[in-house]
Amino acid sequence: MTAKTKHTLLLLGVILSTILLTGLLGLLIYLEVQPAEPTVTQPVVTTAEPTPPPTPLPPPPPNEFDPADFVYDEQGYLTYTAGSYERGIDVSSYQGKVNWKKVAASGVTFAIIRVGGRGYGTETGNLYEDKMAQDNYKAAKKAGLKIGAYFFSQAITPEEAVEEAEYLLEKTAKWELDMPLVYDWEYISDTARTANVDRQTLTDCMIAFCERIKA
């Protein structure tokens, strides 16, 4: 190999090395200036906890009474014919002034007296006291009758039913009671505040009232 050939090969090697280094340097510069790939954040998917169904109430005990055993006597009182019973009445201001001596003489042994109610007409939602409640209590007690009391409810929430129970307890705090405190809820009309109360809500109201009385 001549000196000229060696010189030519050396020159080619230098040129190739330069080209290779230049290419590598260009590649590194290219990679350096390229924008980073954007980080994709996956959306967080939350699943709402399913609402558990309400716990069903246990079925009521079987009715031990036969409707055929209830008849109206000659005085117009509904009477039980298949065993012992007590005869009672419920009263409110709608009965006006009651002759309690005459009531007791008729065979009535107890009275359930309306203490108050919740308005559904012009006094919608307001609690009110039966204007004859205290007089009825005193006169019925004096006549020797056993006494119970009731509240005419138009509650649409359990909280209102508890309020009614507390009202009844407050108004009868000084009464000597022999009979139960009663929750009287009635459907009035399709325009009353209770017109759209469903059965579950009504049941919840009754339970709330009774539990408060029991407590």
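The values are calculated or read from the model by the stated rules, or taken from the named source; none is laboratory data. Quantities reported herein were computed from a predicted structural model and do not represent experimental measurements. FYI the Cβ positions are ideal-geometry reconstructions off the backbone, even for glycines, and counts take in every protein chain you see. Just the protein is used for accessible areas: all its heavy atoms, side chains included, with ligands, DNA and RNA removed. Shrake-Rupley method; radii C 1.70, N 1.55, O 1.52, S 1.80 Å.
Data for the structure
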quantity	calculated
Column: log10 I(q)/I(0), Debye, Cα scatterers of the stretch 76-141, q = 0.14, 0.22, 0.23, 0.25 Å⁻¹	-0.52, -0.93, -0.97, -1.07
Packing rank of 86-97, 158-169, where each peptide gets the mean count of other beta carbons within 10 Å, highest leading	158-169, 86-97
Accessible area of the stretch 78-164 divided out per residue, in Å², using a probe of 1.4 angstrom	51
Heavy-atom accessible surface of the stretch 62-215: percent carbon and sulfur, 1.4 Å	51
Sites matching trypsin sites (Lys or Arg not before Pro) across the stretch 132-206 that sit in DSSP coil, with at most 12 neighbouring C-beta atoms within 10 Å	174
Extreme residue, positive dipole direction of the stretch 57-215, given options 200, 94, 81 (C-beta unit charges)	94
Lys, Arg +1 and Asp, Glu -1 on Cβ, resulting dipole of the stretch 122-215 about Cα centre, debye, nearest 20	540
The stretch 169-215: chymotrypsin sites (Phe, Trp or Tyr not before Pro) in DSSP coil with no more than 13 other Cβ atoms inside 10 Å	187
Residue 205 accessible area, assembled protein chains, probe 1.4 Å, Å²	0
Options 103, 187, 210, ranked by Cα towards positive dipole end of the stretch 68-215, top entry (Cβ charges)	103
Long pairs among 138/214; 101/214; 102/214, criterion Cα-Cα beyond 27 Å	101/214; 102/214
